[in-house]
Amino acid sequence: AAKSEGRGTFRIFVPEYDAKARQRRQLELDLRQALARGEFEVHYQPLVDLSANVVTGCEALLRWRHPERGMVSPADFIPVAEDTGLIGEIGEWVLKQACLEAASWPGDIHIAVNVSPVQFRSKTLALKVAAALAESGLAPERLELEITETVLIRDDEEALTVLQQLRELGVRIALDDFGTGYSSLSYLHRFPFDKIKIDRSFISDIGEPEDSSPIVQAVVHMAAARHMATTAEGVETEAQREVLRQLGCSQMQGWLFSPAIPAAKLKQLLSKQAAAA
Ligand code: C2E
Ligand code: MG
Ligand code: MG
Ligand code: MG
């Protein structure tokens, strides 16, 4: 079928594309309402120290409880939120929520919050972080911001300025999904990260035919030389944990220990740990 748009113009009408475009428009509308309707939740995934085997922090992971579609994965809606600019408001909400929640945890537990490249380039990130800290009363050193390599590709100088503003607030900065982007080792020299998160794709290949242990080892060594900690993402097996521990990786995160869980459940886990200590 073809649809004419005014005199002499034709648009080829491909049903699949149209269905996709419509779905996306609907998703955008739904996203706009989700904040107002309180459909977002922050879940928390424990970060576990590999030598002491205790939870030392948590990553805030956004969840959307859609009234009809059920839980929607962030992988499905974050890109749309980024394209439409809605990520600014959503990200600010996550930041506030996570800081408020973390302020009620034992004082040595930190909170990691994902920051979209769109937020990073918005010029107001440092202000919003400062506001979230002030409102929650959370000590700055307990907040860790996770950024991805994509923020570093363009405009080194501007990225460096933002990182320094954040550093001045006293928050920590982690490089997320390391190894998946375009960043080269030179970034690790130029930018003052506190932590490198080694992407799950490398962790899942540990002990497999394409054994990625040498890569993980190289990253851990390099990070240590620069006084940066390392977190292994997506640890699912005891064998992976053991290799990571032997390689000197600082921290792990993954289903082996716990998936992301609701705030109340996380709090129970933390008080159990505190009672056992
Ligand atoms: P990420 O920041 O790399 O988060 C880690 C992802 O790995 C999470 O997926 C987590 O649930 C998943 N994961 C953890 N352990 C395991 C494991 O053992 N096995 C496997 N297969 N997966 C594991 P999730 O929650 O679906 O989030 C996906 C991505 O969405 C995140 O990747 C992050 O990039 C983005 N995201 C989530 N929440 C936010 C947010 O509040 N703001 C922004 N900007 N992005 C967010
Ligand atoms: Mg992350
Ligand atoms: Mg990650
Ligand atoms: Mg990852």
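Is it the case that some residue within the stretch 84-107 is in contact with a helix residue (DSSP H, G or I) (Cβ under 7 Å, 6 or more places away or on another chain), within 16 Å of ligand 4 (Cβ to nearest atom) and closer than 23 Å to Leu31 by Cβ? So far as the stretch 84-107 goes, no, none of its residues is in contact with a helix residue (DSSP H, G or I) (Cβ under 7 Å, 6 or more places away or on another chain), within 16 Å of ligand 4 (Cβ to nearest atom) and closer than 23 Å to Leu31 by Cβ.
Being at negative phi, at pLDDT 90 or above, of a type in the set (Lys, Arg) and within 15 Å of the chain's Cα centre (by Cα) is a condition met by at least one residue of the stretch 197-206.
Taking interchain pairs and intrachain pairs at least six residues apart, which have beta carbon atoms under 9 angstrom, with the first residue in the stretch 51-76 and free of Cβ contacts under 8 Å to residues at least 24 places away in the same chain and at positive phi and the second assigned to a strand (DSSP E or B) and exposed (fewer than 15 other Cβ atoms within 10 Å of the Cβ)? Qualifying pairs under 9 Å: none.
Is at least one residue of the stretch 230-241 hydrophobic (A, V, I, L, M, F, W, C) and modelled with pLDDT under 95? No - not one qualifying residue is present in the stretch 230-241. Residues in the stretch 174-182 include none that are surrounded by fewer than 21 Cβ atoms within 10 Å (Cβ to Cβ), at negative phi and modelled with pLDDT of 95 or more. If you filter the stretch 220-235 down to residues that are over 23 Å from Val171 (Cβ atoms) and surrounded by 16 or more Cβ atoms within 10 Å (Cβ to Cβ), you find that the one that is farthest from the chain's Cα centre (by Cα) is Val220. Somewhere in the stretch 134-146, is a residue under 18 Å from Arg121 (Cβ atoms), out of contact with any helix residue (DSSP H, G or I) (no Cβ under 6 Å at 6 or more places or on another chain) and away from ligand 1 (no atom under 15 Å from the Cβ)? Scanning the stretch 134-146, I find no residue that is under 18 Å from Arg121 (Cβ atoms), out of contact with any helix residue (DSSP H, G or I) (no Cβ under 6 Å at 6 or more places or on another chain) and away from ligand 1 (no atom under 15 Å from the Cβ), so the answer is no. Of all residues in the stretch 149-166, at least one satisfies being of a type in the set (S, T, N, Q) and either within 29 Å of Trp255 (Cα to Cα) or surrounded by 19 or more Cβ atoms within 10 Å (Cβ to Cβ) (or both). Just so you know, in the stretch 254-275 the residues that are touching a helix residue (DSSP H, G or I) at 6+ places or on another chain (Cβ under 9 Å) and not aliphatic (A, V, I, L, M) include one that is nearest to Glu146 (Cα to Cα), and it is Gly254.
Residues in the stretch 59-83 that are touching a Leu at 6+ places or on another chain (Cβ under 6 Å) and within 15 Å of ligand 3 (Cβ to nearest atom): Pro74 alone. Of the listed requirements (1) over 13 Å from Ala223 (Cβ atoms); (2) within 16 Å of ligand 3 (Cβ to nearest atom); (3) β-branched (Val, Ile, Thr); (4) surrounded by 19 or more Cβ atoms within 10 Å (Cβ to Cβ), Ile198 misses just one: (1). Residues of the stretch 135-173 that are farther than 14 Å from Tyr187 by Cβ and of a type in the set (Gly, Ala, Ser): Ser136, Gly137, Ala139, Gly170.
The values are calculated or read from the model by the stated rules, or taken from the named source; none is laboratory data. Keep in mind it's a predicted model, so treat the numbers as computed, not measured. Note: ideal-geometry Cβ built from the backbone for every residue, glycine included; neighbour counts use all protein chains shown.
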